[in-house]
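Have a look at the structure below before the remarks.
The values are calculated or read from the model by the stated rules, or taken from the named source; none is laboratory data. Here the structure is a predicted model, which means the values were calculated and not measured. Glycine also receives a Cβ, built like all others from the backbone with ideal geometry; neighbour counts cover every protein chain displayed.
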Amino acid sequence: MLELAANLGSGFVNCFEPLNLLALVLGIIVGLLVGVLPGLTLVMGVILVLPFTYKMDVTASIVLLTAMYVSGTYGGAFTSILFRIPGEPIHVPLLWDGYAMARAGQPSKALGWTLVAALVGGVLSWFIMVLLTKPVAAIALKFSTPEYFAIVMFGLASVIALGRGGLANAFISLSLGLLIASVGTDAIYGSYRFTLGLPLLADGIEFLVVMVGAYGVGEVLSRLERGFASKQVETKAGANTELPSLAEINSVKGMLIRSSLLGNIIGIVPGAGATIASFVSYGVESQFGRRKEQMGSGIAEGIVAPQSAATASVGGALIPLLALGLPGSGATAVILGAFMLHGVQPGPQVLITSADMVYTIFASLLLGVFLMCLLGYFAIKPLVRILDFPEAVVSAFVMILCFVGAMSIRGNLADLWLMIGFGFIGYLFERFRFPIAPLVLGVILGPIAEESFMNAMISFGNDWTVFFTRPIAGTIMAITMITLLLPVIASLREKRAARSAQRG
């Protein structure tokens with residue numbers, strides 16, 4: 001415990017170095033802006049900033065992106081409560097009670113509840129992250145290549161199972177991502193694969209090109225198809241924050257802690273993320289809460305539950321990222337990409353080889369939560385003014401960032417064309433309800449899974465049963481199979497119930 005305190009103390013000192021402190025402040029501000037701006041999702045915002053971190057120090061880069069991540073889970077609360085426009089899917093459950101409370105003449109109180117929920121959820125999540133990351137990494141140090149392959153497969157399966165648009169669509173998306181990841185030079189044997197004789201493809205397709213194109217350009221193309229038809233929001237003057245009293249906070253303290261813990265647990269599950277944490281937490285309160293009958297009518301529980309869970313999921317998602325090198329959400333998948341851009345592979349060894357960096361990230365997350373709440377208290381008026389910008393202007397700004405990001409990778413014009421191509425793929429995915437997250441995760445985790453699989457085959461004499469006969473690997477593979485089978489079983493039950501209803 002003394003060693004942990006000493007490492008955290010060193011991390012807090014490092015946070016106040018000029019570059020790290022600047023990255024923290026900028027990350028919080030940009031994350032709030034991304035959260036407030038409807039249509040510019042948190043994952044897209046982190047992706048658009050990622051190329052600008054290429055020349056930065058790795059610690060400052062991760063501090064910047066994690067600060068954006070945590071503040072982005074809070075920023076969209078403003079538009080959800082004031083204008084009934086969720087800046088993020090995370091905040092859809094929040095507006096059910098938040099907007100109702102605002103319409104009842106208490107917008108300031110609703111904003112105050114989100115501030116308290118984000119603060120408590122973020123702080124509690126931070127403590128859990130600090131306490132759990134090292135033990136999880138210590139267990140992971142005992143892993144060999146079969147265990148690493150199994151854990152990556154579990155992450156990929158989780159994304160498939162949670163994919164929007166059905167299991168088949170998610171599987172197709174993931175398969176395409178794995179195919180894209182296989183383009184280039186084989187890491188084990190050095191042979192060319194799917195390069196079509198093009199020298200550019202010999203080095204593979206950069207995952208950043210895929211992410212920026214599929215998310216950024218794809219979203220702009222979707223808006224263009226709709227003719228940038230989103231209505232411009234009429235902003236409200238005098239929107240301030242009114243904090244709830246200690247007595248009011250005390251009346252919901254049990255629910256606040258329960259929702260924060262639930263969000264943290266869901267955040268740890270690879271592929272889940274803040275959106276699922278927000279919906280599940282709201283659903284739990286609707287089913288088992290003390291005032292479950294009043295949920296949706298503008299009560300504090302309907303605001304606190306989704307917001308605290310969403311913010312708490314950040315610390316949970318960072319645990320598998322840092323301890324196992326496995327992203328727990330779409331945003332942490334991008335942060336994993338930032339690590340890899342700087343030549344750092346997160347996992348159990350990173351706590352040994354780069355302890356200063358890890359504990360600086362820990363410290364920055366706690367400071368970021370406090371800074372986020374402080375800025376959120378004072379910055380509501382200027383933040384909501386962003387809603388005055390037309391959607392076409394916002395989309396043009398997004399396209400500029402996409403092009404700058406693509407050119408910053410290798411300085412090659414061909415990357416721009418690849419980005420545009422993946423933009424059309426992202427647009428088609430949205431059009432036909434294919435989830436993009438499995439595609440992106442396949443591109444990022446595909447090479448890791450392949451390398452682990454090939455090394456396991458070399459080490460264990462091409463015995464594929466090693467993934468099932470070793471206790472840890474076998475357990476993880478069994479969980480992976482269950483993760484894949486559960487949505488299939490649920491779908492079969494729904495079809496059976498529908499047929500029974502038709503017969504009745």
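The listed residues are GLY446, GLY474, and the only one of them that is under 20 Å from the mean Cα position of the chain (by Cα) and closer than 25 Å to GLN345 by Cβ turns out to be GLY446. Take VAL46 and tell me if it is closer than 23 Å to ALA77 by Cα, part of a helix (DSSP H, G or I), β-branched (Val, Ile, Thr) and at pLDDT 80 or above. Yes.
Does LEU261 count as out of contact with any strand residue (DSSP E or B) (no Cβ under 6 Å at 6 or more places or on another chain), in contact (Cβ under 8 Å) with a residue 12 or more places away in the chain, under 25 Å from VAL130 (Cα atoms) and surrounded by fewer than 24 Cβ atoms within 10 Å (Cβ to Cβ)? In short, yes. State whether one or more residues within segment 478-495 are among the polar types (S, T, N, Q), under 30 Å from GLY213 (Cβ atoms), modelled with pLDDT under 85 and under 30 Å from the mean Cα position of the chain (by Cα). Yes, some residue in segment 478-495 is among the polar types (S, T, N, Q), under 30 Å from GLY213 (Cβ atoms), modelled with pLDDT under 85 and under 30 Å from the mean Cα position of the chain (by Cα). Within segment 118-133, identify whether any single residue is at pLDDT 80 or above, part of a helix (DSSP H, G or I), out of contact with any Lys or Arg (no Cβ under 8 Å at 6 or more places or on another chain) and within 16 Å of TYR282 (Cα to Cα), and answer yes or no. Within segment 118-133 (the criterion being at pLDDT 80 or above, part of a helix (DSSP H, G or I), out of contact with any Lys or Arg (no Cβ under 8 Å at 6 or more places or on another chain) and within 16 Å of TYR282 (Cα to Cα)), the answer is yes, since at least one residue qualifies.
Table: residues versus (1) surrounded by 13 or more Cβ atoms within 10 Å (Cβ to Cβ); (2) closer than 30 Å to VAL220 by Cα.
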{"position": "LEU418", "(1), (2)": "yes, yes"}
{"position": "MET454", "(1), (2)": "yes, no"}
{"position": "ALA473", "(1), (2)": "yes, no"}
{"position": "ALA490", "(1), (2)": "no, no"}
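Annotation for segment 373-391: no member residue is at pLDDT below 80, at positive phi and not in a helix (DSSP H, G or I). If you go through segment 180-216 one residue at a time, how many are in a helix (DSSP H, G or I) and surrounded by 15 or more Cβ atoms within 10 Å (Cβ to Cβ)? Number of matching residues: 14.
Out of TYR69, TYR99, TYR74, report the one residue that is at pLDDT below 80, out of contact with any Asp or Glu (no Cβ under 6 Å at 6 or more places or on another chain), of a type in the set (Phe, Trp, Tyr) and in a helix (DSSP H, G or I). Residue meeting the stated conditions: TYR99. Among what's in segment 259-279 and is under 28 Å from GLY105 (Cα atoms) and of a type outside the set (Gly, Ala, Ser), pick the residue that is modelled with the highest pLDDT. Only one residue tops the list, namely PHE279. The condition (being without any contact (Cβ under 8 Å) to a residue 12 or more places away in the chain and over 21 Å from LEU174 (Cα atoms)) is satisfied by just one residue among LEU413, LEU485, LEU401: LEU413. Take the residues of segment 304-355 that are touching a Ser or Thr at 6+ places or on another chain (Cβ under 6 Å) and either outside any helix (DSSP H, G or I) or among the hydroxyl-bearing types (Ser, Thr, Tyr) (or both): which is surrounded by the fewest Cβ atoms within 10 Å (Cβ to Cβ)? Per the stated criteria, the residue is SER308.
Answer yes or no as to whether THR480 is over 11 Å from PHE149 (Cβ atoms) and not hydrophobic (A, V, I, L, M, F, W, C). Considered against the rule, which asks whether it is over 11 Å from PHE149 (Cβ atoms) and not hydrophobic (A, V, I, L, M, F, W, C), THR480 comes out as no.
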